[in-house]
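One structure below.
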Amino acid sequence: MASSSTTVFASVVGLALLLFVGSGSAQLNTNFYSKSCPQLQETIYRVVEAAVRREARMGASLLRLFFHDCFVNVSCAHIFLSIGEKNANPNRNSARGFDVIDSIKSAVEKACPGTVSCADVLAVAARDSTVLLGGPSWNVKLGRRDARTLTRLVSRFNALGLSARDLVALSGSHTVGQARCTSFRARIYNERNTLDASLARTRQSNCPSRSGSGDNNLAPLDAQSPTTFDNSYFGNLVSRRGLLHSDQQLFSGGSTDSIVRSYSGSQGAFRSDFVSGMVKMGDISPLTGSQGEIRRNCRRPN
């Protein structure tokens, strides 16, 4: 049986491959572009704000894109190079927002040609998306370089160096965004003992039991406040209203129950620990210094 920490990790990134963590984060700092691209933060925020205004779901998508890149591709914008990664089953129709990152990168290149990496653009965009959805802000450490190849290093979960508390907090990103019917069909039809009956009935109306019918129909991960970054996700878990099986596992009589309960009762504790987890996640083995490159186009190496 999988450990609770492994289950939490699966909930956060929805991926089976785990990456080795190096020690390259020491060269990152919040003032990395203060002289070479002083208008960076404003430039990125302007594009993200417009994208989220057009579609609130995009904020959740950009945040999720950062998760995918950090956990699977060690914070080096590897996900933009790998067509296979974008189309892998966990990411298909889930990892989205590439066009928005392209727009941000284009604006950044006009302001500071050949200076800012796609990996750093993605990190700042994830922070800005969180803020625009009502979540906390933090100073993003910068100075990452972009990968030139599609090489991946595979290792065990404990190499990530994140605690169960970090991962429960990061799971709280599911307070925004939506899931496809295929992601929760089994739960709403088969898990009656761990799912609120009224939620099951509501979701069944838009997600038929037969595979292949309505597979791409969407439902909010947090029906209470689907476009607001708050702690209601954790209250949902306590009330057996977690839409995804992997989410509800965080509150199912295991070691993470107390963490979920504490976040459900304290918005401040959740926001503080989420910020801490995001900073740690951004430190996962980035390329820095002379490693990698600064891509002009996030979709291909120079």
Q: Quick one: which residues, 5 or more positions from S252 or on another chain, have an amide H under 5 Å from its amide H? H modelled 1.01 Å from N in the peptide plane, none for Pro or chain starts.
A: D257
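Write down the accessible area per residue of segment 114-243 in Å², having rolled a 1.4 Å probe over the full set of protein chains.
Numbers: 5320 Å² over 130 residues.
Per residue, segment 114-243 has 41 Å² of solvent-accessible surface.
Order these peptides, 213-220, 35-42, by their mean beta-carbon neighbour count within 10 angstrom, highest first. Please report the intermediate quantities before stating the final value.
On the way: 213-220: 15.4, 35-42: 13.4.
Answer by packing, highest mean first, reads 213-220, 35-42.
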Q | Amide H partners (placed H, <5 Å) of T288, local residues excluded | A | R145
Q. Under a Cβ-Cβ cut-off of 12 Å, what is the net charge of the residues other than S262 that fall near it, where Lys and Arg count +1 and Asp and Glu count -1?
A. 0
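Return the carbon/sulfur percentage of the accessible area of segment 183-302, one whole number, probe 1.4 Å, all protein chains in place.
Values: 2490 of 5560 Å².
Here it works out to 45 percent.
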(Q) Just to verify a number: what accessible area does Y45 come out at with the full protein assembly present, 1.4 Å probe, Å² rounded to tens? (A) 80
Q. P(r) for segment 209-300: what percent of alpha-carbon pairs falls in each 10 Å bin, starting at zero?
A. 13, 30, 25, 22, 9, 0
Q: Set the Förster distance to 22 Å, then compute FRET efficiency between S205 and V238 from the Cβ-Cβ distance, nearest 0.05.
A: 0.35
Q: Measure off 7 Å from each Cα along the Cα-to-Cβ vector at N29 and N302, then give the distance between these two points in nanometres to one decimal.
A: 2.3
Q: Run through all the Cα pairs of segment 196-251 and give the fraction in each 10 Å bin from 0, expressed as whole percent.
A: 23, 51, 24, 2
Q. Which FRET efficiency value, to the nearest 0.05, do you get for T115 and S198 by plugging their Cβ-Cβ distance into 1/(1 + (r/R0)^6) with R0 = 45 Å?
A. 0.30
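The values are calculated or read from the model by the stated rules, or taken from the named source; none is laboratory data. Computed from a predicted model, the values in this text were never measured in an experiment. Neighbour counts run over all protein chains shown; Cβ positions are idealised from the backbone, glycine included. The protein model used for the area step is the full one, side chains on, heavy atoms only, and it has no ligands, DNA or RNA in it. Shrake-Rupley method; radii C 1.70, N 1.55, O 1.52, S 1.80 Å.
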